[in-house]
Ligand SMILES: Nc1ncnc2c1ncn2[C@@H]1O[C@H](COP(=O)(O)OP(=O)(O)OP(=O)(O)O)[C@@H](O)[C@H]1O
Ligand SMILES: [Mg+2]
């Protein structure tokens, strides 16, 4: 087993495309690290450089103690699972699993042992004689994962392995990949653009934007303490709401104000007082906004009047789209909320859970 060290790695494609920009990530031995970010942010490029399928323009990548920049892919002791499973259509499942090991000239008995071991872990023992076209999408995905695990590599690389599956199967396979990690106890690096997958699978998440690492931390740490506005808006669903406005003081207490409304920031971070009068961005998650009509203590002076725009029932809860000042925002209310489109309702922000970002740089203000 081994960790992976990505040290100040940059990738520039021909045509001067900067795909990865000075990225540093230390993946610990046996860790499940998720690389997450929007389409085109450089996730696959980073993974392909670890696999050796793409040259590194600057910086170094080490697997275990060995710098692998110049090591051929087949000598890196990694196995990669791709989005399009790329199974051999004319081979049975057994042969698909065995093929890579035959190329490596393992003994036939060892190949057979490993194929049956992997098939048992993945629950595909009954499918070994079938060809890929006779399998469902989820079964093909299991075979693709099986092809990686028979190799017993030091590091597994996954590039959006579940994105071809329907929603229900994706949730099921996600749980299976988590179990697989627990069972194999190996280092896994997993690429996705789906923040739910990232939150549920990762020991840690690296959030990437524009080829640059924005933040690396445990899922809940990122959720609770995003480093900047991008991360705050990317992790969480529905996403965090942002209000652009300024800090002001009113009767000695600090407020956030925007054309059309103001919120008193009772007991909020003393360091913000120093920014009174300055532009700032307030971020608040949908679950930290409540309907003041249902509260025993509406909190005088903390209510914001908002117009209900759209009500989206989700079953267990309801997403209520609201408008106040110049900003549209979303709140998560109980599914029995009486909020109806076009009415004006008082809402309360839980300012102790609010986030503040520099208006220019987007950096979180501690
Ligand atoms: N072979 C290439 N030549 C030139 N540019 C490339 C090449 N491969 C990728 N790029 C560019 O590099 C950037 C990063 O691409 P990459 O495939 O790593 O993104 P990604 O985060 O995996 O996106 P997605 O979620 O859509 O798969 C993109 O702007 C892409 O257009
Ligand atoms: Mg990709």
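Bear in mind that the values in this text are calculations on the coordinates, not laboratory data. The model shown is predicted, which means the values in this text are computed figures rather than measured ones. All Cβ positions, glycine included, derive from the backbone under ideal geometry; neighbour counts span all protein chains shown.
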By the C-alpha gyration tensor axes a ≥ b ≥ c (rounded if a/c is under 1.5, else prolate when a/b exceeds b/c, else oblate), the shape of segment 1-102 is prolate
With label points set 7 Å from each Cα along the Cα-to-Cβ direction at residue 200 and residue 126, the distance between them in nm comes to 2.5 nm
Shape call for the chain, from the Cα gyration tensor axes a ≥ b ≥ c (a/c under 1.5 means rounded, otherwise prolate when a/b beats b/c, else oblate), comes out prolate
By the mean-Cβ-within-10 Å protection proxy, highest first, 5-16, 192-203 rank as 192-203, 5-16
Tilt, helix 137-149 to longest principal axis of the chain (alpha-carbon atoms), in degrees rounded to tens, equals 70 degrees
Computed over the chain: longest principal axis from alpha-carbon atoms vs helix 93-103 long axis, angle to nearest 10 degrees, is 70 degrees
Descending packing, highest mean Cβ count within 10 Å first, for 143-155, 164-176 is 143-155, 164-176
Plugging the Cβ-Cβ distance of residue 249 and residue 212 into 1/(1 + (r/R0)^6) at R0 = 30 Å yields, to the nearest 0.05, a FRET efficiency of 0.25
Full extension between residue 350 and residue 112 adds, at 0.36 nm per residue less the Cα distance, a length in nm of 79.7 nm
Among beta bridges assigned by DSSP with both residues in the chain, the antiparallel ones amount in percent, to the nearest 5, to 80 percent
With 0.36 nm assigned to each residue of separation and the Cα-Cα distance removed, residue 172 to residue 104 gains 21.2 nm
Taking alpha-carbon centroids only, segment 151-214 lies from segment 59-76 a number of Å equal to 22 Å
Checked segment 119-194 with the C-alpha gyration tensor, a ≥ b ≥ c its square-rooted eigenvalues, rounded below a/c of 1.5, otherwise prolate if a/b is larger than b/c and oblate if not; verdict oblate
Expected sort for 283-292, 211-220, 81-90 on mean C-beta neighbours within 10 Å, highest first, is 283-292, 211-220, 81-90
Between residue 86 and residue 225, the FRET efficiency computed from the C-beta separation at R0 = 51 Å comes out, to the nearest 0.05, as 0.85
With the label point 7 Å along the Cα-to-beta-carbon line of residue 314 and a cut-off under 20 Å to each amide N, the hits in segment 329-363 are 329-341, 347-351, 353-355
Most fluctuating of 261, 32, 234 in the GNM of the chain (C-alpha, under 10 Å) is 261
In this structure, the FRET efficiency calculated for residue 328 and residue 274 from their beta-carbon separation, with R0 = 25 Å, to the nearest 0.05, is 0.25
If one compares the long axis through the Cα atoms of helix 108-122 with the longest principal axis of the Cα atoms of the chain, the angle in degrees, nearest 10, works out at 30 degrees
